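Structure record follows, encoded as structure tokens.
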């Protein structure tokens, strides 16, 4: 650099300081802009929420899930909404009213800030979820958890299935297909804690305790995928195939891992070599069962769950009390009834 005909040279340490300062300033500015945009979106969403609280309803309840576009949760919503309309309760999915893809936690925060009369939410053990539900309780907003419960007393009721019943459905389905296989892999997402997974395995082992198996008691390899993103699940399952760590019997305990494992079996030419049992229901899973790649899937009756959740809210609204646990019977879909399920979906009755 020249100044008054003389040359000056910056020391390298000075240049690093300047660069670091610029980086910090840029990150700070980015954070501020992101915060402002988020608050703006939150305000817009709250306006939409308040507009949705029609005077013809006595109560306004928000339904929140990890994937509102999922067929199962859409069916839960439709059932809850239909029963609510007939009983003075407006059940809303925030994501249907906004164009932005908000996270589950953001939707929960919006619902609380909107001052809604109740919240129905797919449960999980995320500490941030529990913290927000405690905030909802402080605001006197009753919370009903669906499908998975939460490790907190901030909810008033849980609508779901009995883990023992689910384990027995899997056990009965495995019995129909088991030949000489001994090793079983269980794949779960991070909604399951270690205790619930151990209980699940123990319940299946108990269901087989009186069975004469060719190779003795079944041995279980439990795998938990810590991230709930689609990419992480697909990558985890791809790695299992690449490392040849797959067992001859596999139970997937969520929709995403079921679909990912089904696709991986096709990609790695493992069809016919693995007994795959899934969870949930979707068009992809229906196709897998129809093809015989997926032996069966355990699912809950979405319509029953939605109606039961709305009934639970109404009971709590009227009396201040409701059952701590409301059971929804799980079902198994396999080659014996898959055609019926597909027909019901096509007629829009499932």
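Rule-based calculations on the coordinates, nothing more; no lab input. All values reported here derive from a predicted model rather than from experimental measurement. All Cβ positions, glycine included, derive from the backbone under ideal geometry; neighbour counts span all protein chains shown.
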Pulled fully out, how much extra length does the chain show between residue 139 and residue 329, if you take 0.36 nm times their separation in residues and subtract their Cα-Cα distance? 65.2 nm
Residue separation times 0.36 nm, minus the C-alpha to C-alpha distance between residue 215 and residue 287: what's the value? 22.7 nm
What would the Debye formula give as log10 I(q)/I(0) at q = 0.11, 0.17, 0.22 Å⁻¹ for the alpha-carbon point model of the range 224-350, no solvent? -0.48, -0.90, -1.21
Computed label-point distance, nm, for sites residue 346 and residue 105 using a 7 Å Cα→Cβ extension: 4.4 nm
Can you give the Rg and Dmax of the range 143-219 based on its C-alpha atoms, in angstrom? 15.1, 48
State, to one decimal in nm, how far the label point of residue 205 lies from the label point of residue 270, with both points 7 Å from Cα in the Cβ direction. 2.4 nm
Beyond 27 Å, what share of the Cα-Cα pairs of the range 163-300 remains, rounded to the nearest whole percent? 13 percent
With label points built 7 Å along Cα→Cβ from the Cα atoms of residue 193 and residue 337, find their separation and express it in nm. 3.2 nm
